[in-house]
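What follows is a set of notes on a single structure, which appears directly below.
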């Protein structure tokens with residue numbers, strides 16, 4: 001029999017229903033795999049007791065043929081999601097030993113649908129990073145290695161624990177969040193599938209905020225179908241998030257296998273950026289060929305403001321972060337460091353509690369919002385954001401159904417390789433993904449091939465607002481053509 | 001635009017983040033690298049362009065003005081670093 005941890009989420013769902021194995025057996029297999037994979041540092045909290053208790057309940061339901069959509073499916077939860085009675089820290093020292101008394105809307109919907117929690121997954125501190133190296137719990141190691149090398153690689157970020165855990169078969173799927181590429185870039189670096197839904201599709205309530213106008217939750221899993229199954233449970237209107245959209249959630253899984261013949265796919269010429277690896281260009285052409293062969297029509301499109309998305313992001317996101325993170329003051333929760341007075345206590349607490357990257361972004365945000373600089377930076381960035389969105393609107397108005405791009409400009413890099421003096425080098429990882437957040441659109445990353453070093457590479461599909469279904473249809477075509485990618489197990 | 005050391009200290013204070021004297025120069029160069037990077041936005045012609053306020057066109061939702069939550073003081077205080085009864089404790093503020 002296949003190892004239970006190697007099943008896809010859809011296969012596990014069917015196996016549970018056929019009673020080929022029990023939810024407790026499935027949970028135990030994952031608990032054991034997690035214990036053996038601690039070298040990857042993917043989980044920052046393991047909850048085997050919770051998992052077994054939830055799996056037992058699932059087995060009762062399965063026995064009485066009363067199964068809910070995710071009955072007995074073991075998942076990992078990014079540490080950005082508040083989980084009731086389970087430590088939640090956003091991988092920041094400032095949250096110390098914070099134990100929420102409430103559950104995020106997205107995770108509560110997963111439990112409502114029968115899923116089983118395996119634990120909390122590592123991420124860049126407050127989701128600020130593209131390599132998972134800013135976590136206060138240390139970096140996550142990518143389960144993938146270069147051919148013939150033992151060098152440790154990053155799993156991408158900020159959802160690096162999610163991507164590594166899914167790729168290493170330490171869960172059947174994981175929750176993640178994406179503010180500038182934090183679902184899609186780690187998915188690309190680990191050969192997994194990740195979707196950032198349209199802004200407003202998933203509730204942000206109970207998710208630790210980074211940049212509220214950009215943050216969006218989504219799943220990472222091993223197949224397009226598995227992400228479609230998870231998104232259906234995660235999405236939906238929530239009165240507790242005023243930006244969540246009151247719109248029916250479609251059956252995303254039903255979009256798989258839908259013909260893509262006649263769909264128009266845009267190829268944005270501005271995404272051929274200088275410094276992009278040649279093999280990324282080749283992969284992109286391969287993606288075009290696959291979609292063409294499936295009957296899609298390919299057109300070149302122009303998104304003229306693409307190059308301004310990243311600089312605009314590095315004003316808007318830090319500005320929002322500086323406001324959102326003002327709440328960490330050592331008074332109501334988390335770390336407190338004594339100071340000579342209350343201001344001294346705030347300053348000391350925040351200096352000790354936040355890591356270097358978070359402090360840097362808070363300071364940039366404070367600066368661009370400060371008197372005298374607001375118009376030149378923040379207002380200008382918000383105007384540029386309008387133009388970036390307009391580029392996409394124009395493109396879709398001309399009949400383009402989806403846009404195909406690479407997900408990242410390179411394959412996974414080594415631990416510490418981009419931790420040099422210039423923060424911009426790390427920021428450039430998000431050059432293809434950040435436009436999508438700025439425009440609030442859905443974006444799907446699908447593994448599409450291997451680099452010359454034997455590492456996974458991803459292609460990104462960008463869709464119209466709330467048209468995740470078309471992305472799943474097209475993503476399934478690419479997946480079918482490209483096949484699937486699994487790292488060899490070296491970690492035990 | 002770039003920031004000098006004095007500005008770095010001022011921003012740090014506005015952000016309520018203590019910065020050690022030794023770190024100021026380092027922080028200054030990092031902030032200036034980021035500011036130089038975002039500088040290119042000034043070349044975009046934004047004449048007549050509205051700044052974005054909402055990425056998805058939607059009307060602000062309103063709800064009935066009634067109490068829907070509350071009476072959970074213990075929950076609110078559960079993670080307090082210092083408390084007394086139902087109060088958060090902070091260092092003395094008024095002299």
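Laboratory data are not the source of any read-out in this text; all were calculated from the coordinates shown. On a predicted model such as this, the values are computed, not experimentally measured, just so you know. Please note: Cβ atoms are built from the backbone with ideal geometry, for glycine as well, and neighbour counts cover all protein chains shown.
Points worth noting:
- Cβ-based exposure ranking for A:246, A:28, in which fewest neighbours within 10 Å come first: A:246, A:28
- Protection proxy ranking of A:154-166, A:185-197, A:136-148, A:313-325 - average other beta-carbon atoms within 10 Å, highest first: A:154-166, A:185-197, A:313-325, A:136-148
- Take each residue of peptide B:29-36, count the partner chain Cβ atoms within 10 Å of its Cβ, and average: the result is 6.
- Cα-derived Rg over Rh, computed across region B:14-95 with Rh taken as Kirkwood radius: 1.16
- The simple Förster model, with R0 at 25 Å and r as the Cβ-Cβ distance, assigns residue A:397 and residue A:292 a FRET efficiency of 0.60.
- Estimated at 0.36 nm per residue, the fully extended path between residue A:452 and residue A:261 surpasses their Cα-Cα distance by 65.6 nm.
- Classified by the C-alpha gyration tensor, region A:2-256 has a rounded form. Its axis ratio a/c, with a ≥ b ≥ c, is below 1.5.
- Shielding by partners - mean other protein chain Cβ count within 10 Å, residues of A:323-329: 1
- Chain A - percent relative contact order, Cα under 8 Å, separation 6 or more: 18 percent
- For A:279, B:64, A:71, A:425, order by how many other beta-carbon atoms lie within 10 Å, fewest first: B:64, A:425, A:279, A:71
- With a 10 Å cut-off around each Cβ of A:345-352, the average count of Cβ atoms from other chains is 5.
- When DSSP beta bridges are restricted to pairs lying wholly in region A:2-256, around 65% turn out antiparallel.
- Binning the alpha carbon pair distances of the protein assembly as shown at 10 angstrom intervals from zero yields the distribution 4, 18, 29, 28, 16, 5, 1, 0, expressed in whole percent.
- Judged by the gyration tensor of its Cα atoms, with axes a ≥ b ≥ c, region A:308-373 is prolate; a/c meets the 1.5 cut and a/b is the larger of a/b and b/c.
- Fewest-first sequence of A:441, A:80 by Cβ atoms within 10 Å of each Cβ: A:441, A:80
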